[in-house]
1. Taking the range 184-208, which residues are outside any helix (DSSP H, G or I) and surrounded by fewer than 22 Cβ atoms within 10 Å (Cβ to Cβ)?
2. Select, from 154, 125, 139, 160, the only residue that is within 17 Å of residue 70 (Cβ to Cβ) and surrounded by fewer than 16 Cβ atoms within 10 Å (Cβ to Cβ).
3. Which count do you get for residues in the range 61-89 that are under 20 Å from residue 208 (Cβ atoms) and either surrounded by fewer than 17 Cβ atoms within 10 Å (Cβ to Cβ) or free of Cβ contacts under 8 Å to residues at least 24 places away in the same chain (or both)?
4. Out of (1) over 28 Å from residue 87 (Cα atoms); (2) part of a strand (DSSP E or B), the odd one out for residue 181 is which?
5. State whether the residues of the range 37-47 include one that is at pLDDT 50 or above and within 18 Å of the chain's Cα centre (by Cα).
6. Return only the number of the condition from (1) touching a residue at least 60 places away in the same chain (Cβ under 8 Å); (2) over 19 Å from the mean Cα position of the chain (by Cα) that residue 92 does not satisfy.
7. List the strands (runs of 3 or more DSSP E) that sit entirely inside the range 52-136 and contain at least 3 residues that are in contact with a helix residue (DSSP H, G or I) (Cβ under 8 Å, 6 or more places away or on another chain).
8. Within 16 Å of the chain's Cα centre (by Cα), assigned by TED's automatic domain parsing to the domain that holds residue 105, modelled with pLDDT under 95 and more than 23 Å from residue 102 (Cβ to Cβ) - does that describe any residue in the range 188-198?
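The values are calculated or read from the model by the stated rules, or taken from the named source; none is laboratory data. Everything numeric in this text was worked out from a predicted model, so none of it was measured. A quick note on method: Cβ atoms are made from the backbone with ideal geometry, for glycine too, and the neighbour counts reach across all protein chains shown.
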């Protein structure tokens with residue numbers, strides 16, 4: 001609870017800073033639009049934070065989720081702030097999307113389906129695989145156990161759906177071992193991006 005409160009406080013600080021630089025909240029007539037923008041900024045900030053952000057309960061991740069966009073998050077609010085904030089995330093998202101395009105990842109060939117009984121099936125770059133999963137709704141950590149390995153990642157709510165994130169090593173394994181991606185330059189670029197800032201995680205935004 002203490003960590004969540006601290007995260008929300010930091011997010012509010014970023015929101016207020018953003019509003020001051022854009023001139024929001026200066027007159028009573030702008031109250032409604034200000035509240036709307038503040039809510040949007042808060043949602044954006046928290047969707048980029050893994051620990052202390054917005055999480056799913058156990059049933060919330062069930063169903064079929066398709067690739068929607070490249071997505072980057074940070075482990076904590078402090079890590080996000082130190083890296084440069086949401087603007088850094090946006091730049092990293094753009095770089096990640098470019099590499100995904102080079103690999104060929106798109107909505108029709110990349111998806112994850114989580115079922116009751118802790119079973120999952122997935123496709124990455126059109127290559128199917130599956131196994132069992134273990135999800136911790138208290139911290140958003142998830143482990144995908146396939147026939148060959150265990151992939152440790154994180155799940156969080158995004159503004160459009162679900163974010164599924166991995167560190168550099170885990171994402172490399174996901175792309176090469178499970179997705180059979182042959183474009184090693186693009187995979188290495190994704191891995192390097194995940195290492196470019198402390199606490200950074202790379203992954204996918206998924207929608208139903």
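1. First, pick out the residues of the range 184-208 that are outside any helix (DSSP H, G or I): 195-208.
Selection gives 195, 196, 197, 198, 199, 207, 208.
2. Details: 154 fails: surrounded by fewer than 16 Cβ atoms within 10 Å (Cβ to Cβ); 125 fails: surrounded by fewer than 16 Cβ atoms within 10 Å (Cβ to Cβ); 139 fails: within 17 Å of residue 70 (Cβ to Cβ).
The match here is 160.
3. 3
4. For residue 181, the exception is condition (2).
5. Here is the first cut: in the range 37-47, the residues at pLDDT 50 or above are 47.
In the following step, the residues that additionally are within 18 Å of the chain's Cα centre (by Cα) were identified as 47.
Checked the range 37-47: at least one residue is at pLDDT 50 or above and within 18 Å of the chain's Cα centre (by Cα).
6. (2)
7. Working: elements: 63-74, 111-115, 119-124, 127-135.
Fully inside the range 52-136 and qualifying: 63-74, 127-135.
8. Within the range 188-198, one or more residues are within 16 Å of the chain's Cα centre (by Cα), assigned by TED's automatic domain parsing to the domain that holds residue 105, modelled with pLDDT under 95 and more than 23 Å from residue 102 (Cβ to Cβ).
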